[in-house]
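See structure below.
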Amino acid sequence: MLATQRDSPAYAALRDKLKGQQLPQDEVLRCLAGLSPDLAAGYLSACLAEERTQRQRQERLVIGLSLIGLVLWIALNGSGGYMTASDWAILLFGPLLIVVAAVLGARRFRPLRHNALTGLRSVVTDVHEKESLQALCSAAQLVDGARHPWEAEVERLLRQRIAQILVRLSADDGALLPESSRQFLLQAIEDNRSPELTTSALLVLGSAQEVAVLPLAETLLRSSLTESVREAATECLAELRRSP
């Protein structure tokens, strides 16, 4: 689904509007005008995924430049004797590469990420289609409010909306969830940061006969301090043990 969205001309047009510079919320909303909340959330999730890919490439470049600069610096400082003008140029080129790497590293998050998060914060509460679940799970995986407090509100809204959509899924819907969404739900159960999401995920994966959730449900049944989570773990285990 996300790959299909990235091939859309409408997605490319939106991405180009959001990647140039950080925009205020009202400007981001103008960029999303005409899109339904579900479609906007899908496009914004794809923007986050594309920004992550770009950032990973940049981080590899930073590491490569730093290593080359360090090797050049060590090699020429360790060589004795007379140094020519070209030797001095290479010697100075090493620290220059390290400086360039530091500048690239400091610009870790691109405007595309900031603008996509701003847009998600505005539209996610209006997302309601079950087909949007994969995009929301993908976005939630890319937003780490635990490490970056300024993202915490977006992450909370994403997890809350995912939980609300999950309760509408049938057992067949749960069994047809994409693998990426199933893995996200398993991780959400394991970290148990959002009791509402943990409860919904336990019920959905239990009804879908996802055996990987069994040890997680057993652990929560013993250790969770939240009654709704313990009840969901009990029901999840009952569903799993009911299977032939």
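The values are calculated or read from the model by the stated rules, or taken from the named source; none is laboratory data. Quick caveat, the model's predicted, so the values are computed rather than measured. When we count neighbours, we look across all protein chains shown, and the Cβ atoms used for this are built from the backbone with ideal geometry, even at glycine. Ligands, DNA and RNA are excluded from the accessible area calculation, which covers all protein heavy atoms including side chains. Shrake-Rupley method; radii C 1.70, N 1.55, O 1.52, S 1.80 Å.
Descriptive notes on the structure:
- Subset of region 109-138 that is open to solvent by 10 Å² or more (accessible area, probe 1.4 Å) and not in a helix (DSSP H, G or I) - its residue that is nearest to Ser194 (Cα to Cα): His128
- If only residues of region 16-43 that are outside any helix (DSSP H, G or I) and of a type in the set (A, V, I, L, M, F, W, C) are counted, the one that is most open to solvent (accessible area, probe 1.4 Å) is Ala33.
- Count - residues of region 139-175 that are among the small types (Gly, Ala, Ser), surrounded by fewer than 24 Cβ atoms within 10 Å (Cβ to Cβ) and assigned to a helix (DSSP H, G or I): 5
- A single entry from Arg241, Arg230, Arg193 fulfils the requirement of being at pLDDT below 95, open to solvent by 40 Å² or more (accessible area, probe 1.4 Å), over 27 Å from Ala116 (Cα atoms) and among the basic types (Lys, Arg): Arg241.
- Of the residues contained in region 228-238, one or more are found to be more than 23 Å from Leu136 (Cα to Cα), touching a residue at least 12 places away in the same chain (Cβ under 8 Å) and among the β-branched types (Val, Ile, Thr).
- Residues of region 117-141 classified as among the aliphatic types (A, V, I, L, M) and in contact with a Ser or Thr (Cβ under 8 Å, 6 or more places away or on another chain), total: 5
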